[in-house]
Amino acid sequence: MRAVITGTDFLKDTDGSFKAIETNTNIGMDVAVNDYIDTTSFTNFVLDNSFTEIHLIYTSANVSITDIPLVEGALPFSNFLSQSICEPNEIAFVKHKLDDSSMTIPFIEDSDNKLIIRLAYDTTALLDDTYARDNWGFLKLMYDNSPNSIPKCYINDTEFGIDSIGETLRDNGNHPNYAVKKRITPTDNKIYPILYKLNTIEDLNNLKSSLEIDEYIQEYIYNTDELIDNKTFHYRSVDLIYSDLNSLNLFVYEKTNILPITTNGDFDDNNKIQIWDRPRYVSKVFNGTTDISVKLDADESTILVMSDDTTKTANNLIVTDSVKSIILQDNISFLISDEWSGSFSNICENFNITSSVVVEKDTFNYFGEICNLTLVNGSKFSDVPHGRVFKVIERPISSSVETLVVQSNYSQLKVNDTLILIDIETNTIETSLIQTIEYSFESLQAYRINIEESDVFLSMEETKNQSKYAILTHNYNYDCRIVSCDVGGDVQSYGCNSGTIDFPYPCGAADLGCYRYAGPYGYPPPYACYSFGVYSCNSTGGTTWGNYCNGNKPSDKKLKKNIKYSHTLARGFKIYTFEFIDEFITAQKDVSNDDYSGKWQGVLAQDLLDTEYENCVILREDGYFEVDYTKLNLEFKKI
Amino acid sequence: MATENNKGIKYPNKSDILQKIRKVTDNTKKTTIKSIIDSFLTMVKTKHT
């Protein structure tokens, strides 16, 4: 039996009726499916049909969380099928993962004992091509069956034409009442739907005459009778369409728009909703993860302190400019990773102010979240979510507490976090607590900035009538993570996100060993090993290796017990503490004399399956998963 | 509303700018939606067979 999963979107009108908006195939599962799908119903469906095999045809887009992460720990659909449906009922589960760009699917011979579920797009399939890709096909069919099953539309076409808007305009008060949409999906979510507040029939007629050949007008349903967290929402029904176009509903959910409602919409002179107000009225303002994958360092309001103590806005900054920069700690401060931390007292005593040169600058038209900070000392800073600053934390060690400096993205900051600032008049380090954080959606220019040698520049406060403090800012995209050291030389190469380049590394010793510099201040071991990460060199001519650093490590959930969730890294995967089961500890002692007793910190291999880190997971000959922590760029450690 | 150029309203909580998803448990709503989908599928079947 062949089946396809569809997601059909509805809006509930103010009269209580449901209006179908569109149907979709190739959908992402952006909920924790194990909490949403009725496992009993699905199991009964499978058992009633005597399936002995379930095949799932999908791409990575179908099983991961799409758009802004909505649900912590959302279980990939494939894992749900495998763990909740197939394993308990002794049904074989076969995954067919396609390239994300795949337009057709591989042939899998159908038979009565197989349930072949397709999530991935198939351009040769009827529902996909005629009704999901082509909104006009869907709307026309719905309209011909029941005009009130869809919002009122104007489609100017001989085959699919609809004109149900009539002469009376929808009244949504001071909010948009009509939308211009594109016929074929996917569309550019940053532009479509274009929302208008039409006041007269003349406005409507003008809009009709301005339509592109593949655009149509649809009334915009604005219904505040039901709200979630003061936000309007739409319904999505996720269904398994099988056999002769029968449906098995998997679940229905409500998904809000991004921003809460307000009294009025914000319109431009053409009565079009402003770009920054669109997140209030539509659920998608980005194109999948593409638009938010670019990590930016600064926005047009960022003011950099130059090496001569003048200032310059980021938009005026040019390559070859010399900016004031900071070396936080000895000679390794220009190599900093997510895991880096340094002793606060050591940094206060030993930081250096230097000059760095702008070697790259890329400009982007940014639309998205901006984080606005107000500190207790009155300073204000704002930046894009991935702007990276330094904060002070306290971490218990044994019977005392160590005060460390760590990096943080703006989006990770919280009220009462302590930020590191530089008083530009005295060139001293100061700290201040975050008093408030406000979030906004803005449309502006933003930048990737690469400075060398140091990666830490100074962004001036954006405070009215005050220019005293600058915040330490680390450029995100040019953070360097891989170093290969040439023993005996004084030039090493390191790899940045932008590529591998050679750079003179000031180790200052002829016979160099290199070790990973990451984790808490206080190296060497246990953070010493050759792997991806940030390295430092020492002058002792050797490298000290930790027993359990990176490399391939047993990470199968089945080999662990007392698993406790610790935290989630910015990269998206979870970190746990755990112990290994006794049988495994004994076996490893016998086989390799490795000691896996005690408490450990790392990932669960199963979490990484069907994610972008899947290539870090290895299936061992004994059937258990292990994880290549080197490739994952993460430390597997005993705690 | 009048806002600064290119800027939207500032919100005090991160949750203010994040989307929420909620499972529909109301069977009346689910039945209504299913009936619309089923009639769509019937129409597809009629048109293409």
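Where Lys and Arg each count +1 and Asp and Glu each count -1, what net charge lies around A:GLN588 among other residues with Cβ under 9 Å from its Cβ? Walk me through the intermediate numbers first.
Working: positive: A:LYS589; negative: A:ASP590, A:ASP594, A:ASP595.
Here the charged neighbours net out to -2.
Which pairs, out of A:LYS97/B:LYS10; A:LYS558/A:LYS638; A:LYS361/A:LYS637; A:LYS272/B:LYS34, put more than 30 Å between their alpha-carbon atoms? Too far apart for the 30 Å limit: A:LYS97/B:LYS10; A:LYS361/A:LYS637; A:LYS272/B:LYS34. Among the chymotrypsin sites (Phe, Trp or Tyr not before Pro) within segment A:69-167, those in coil by DSSP and having at most 13 neighbouring Cβ atoms inside 10 Å are A:PHE107.
Tell me which of A:ILE581, A:ASN562, A:ASN615 sits at the most positive position along the dipole axis of segment A:552-638, charges placed on C-beta atoms (Lys, Arg +1; Asp, Glu -1). It is A:ASN562, whose Cα lies furthest towards the positive end.
Principal-axis analysis of the Cα atoms of chain B puts helix B:27-48 at an angle of about 60° to the longest axis. In terms of other Cβ atoms within 10 Å, A:HIS96, A:HIS474, A:HIS234, B:HIS48 run from fewest to most in the order B:HIS48, A:HIS96, A:HIS234, A:HIS474.
For B:VAL24, the amide hydrogen comes within under 5 Å of the amide hydrogens of A:VAL252, A:TYR253, A:GLU254, counting only partners 5 or more places away or on other chains and with H modelled in the peptide plane.
Between the amide H of A:MET306 and those of A:THR311, A:LYS312, A:LYS324, distances stay under 5 Å, these residues lying 5 or more places away or on another chain, with hydrogens modeled in the peptide plane.
Backbone amide hydrogens, once placed in the peptide plane, bring A:TYR222 within less than 5 Å of nothing, excluding anything fewer than 5 places away on its chain.
As a proxy for reagent exposure, ranking A:ASP383, A:ASP163, A:ASP277, A:ASP266 by other Cβ atoms within 10 Å from fewest up yields A:ASP163, A:ASP266, A:ASP277, A:ASP383.
Every number in this text was worked out from the coordinates using simple rules, so none of it is lab data. Quantities reported herein were computed from a predicted structural model and do not represent experimental measurements. With ideal geometry, Cβ positions are generated from the backbone for all residues, glycine too; neighbour counts draw on all protein chains shown.
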